[in-house]
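For reference, the structure discussed in these notes is given below.
The values are calculated or read from the model by the stated rules, or taken from the named source; none is laboratory data. As the structure is a computational prediction, the values presented were derived from the model and not from experiment. Quick reminder, even Gly has a Cβ in these numbers, built from the backbone with ideal geometry, and neighbours come from all protein chains shown. All accessible areas refer to the heavy atoms of the entire protein, side chains included, with ligands and DNA or RNA removed. Shrake-Rupley method; radii C 1.70, N 1.55, O 1.52, S 1.80 Å.
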Amino acid sequence: MLLHIVARGRIGRTPEAELLDRYLGRIAWPTRVTELPDRGGRVPAIEGHTKRVMLDETGEMLGSTGFAQRLGRWRDEGVREARFELGPADGFADAEREDADLLLSFGRVTWPHLLARAMLAEQLFRATTILAGHPYHREG
């Protein structure tokens, strides 16, 4: 299953970009990052068997194991792409939220977009290692 991050704004050559690359490079699953301008731009077409996850402060706060289980279930159901969307500075519109398969929150505090992107990459790495039975994740 492809793990696809679609994010508004350019990450450039920042410390957050280094973190993003570090964690995405460790993931054994296929990954892709699409950057869009702050406004407009062409969102990649959504093909069949895609789950859309929007990072949103009003979303579910899943633990790492719960997040991994959700990804594993989707993978086992034949989902071809899990698309993780990081929206504009003012967030997603209500209509966009309604179309998401999952609203995911990293807590009720507001995170800078670039840091949220790096945090997402780490959680994707963590989830795939949990599913692989790797000891990276320690819970308790």
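With all projection directions averaged, the alpha carbon convex hull of region 1-40 covers 3.0 nm². Backbone amide hydrogens, once placed in the peptide plane, bring L104 within less than 5 Å of M54, L55, D56, E60, excluding anything fewer than 5 places away on its chain. The convex hull built on the alpha-carbon positions of region 17-75 has an orientation-averaged projected area of 5.8 nm².
Taking the average, over residues, of other Cβ atoms within 10 Å as the packing measure, peptides 27-34, 68-75 rank 68-75, 27-34 from highest down.
Sorting the segments 13-24, 46-57 by their mean number of nearby beta carbons within 10 angstrom, highest to lowest, gives 46-57, 13-24. Once the 1.4 Å probe is applied to the protein heavy atoms, region 73-140 comes out at 57 Å² accessible per residue.
For the chain, relative contact order (Cα pairs under 8 Å, six or more residues apart, normalised by length) works out to 36 percent. Note on D38 and R26: the model spin-label points, each 7 Å out from Cα along the C-beta direction, lie 3.2 nm apart. The equivalent ellipsoid that matches the C-alpha gyration tensor of region 49-90 spans semi-axes of 20, 14, 6 angstrom, in descending order.
Percent of C-alpha pairs per 5 Å bin in the chain, short distances first: 2, 9, 20, 25, 23, 15, 5, 1, 0.
Would you work out which of A132, L2, A93 lies farthest towards the positive end of the dipole of the chain, given +1 charges on the beta-carbon of Lys and Arg and -1 on that of Asp and Glu, about the Cα centre? Going by the charge dipole, the pick is A132. Length available on full extension from S105 to T14: 0.36 nm per residue minus the Cα-Cα distance, which gives 30.4 nm.
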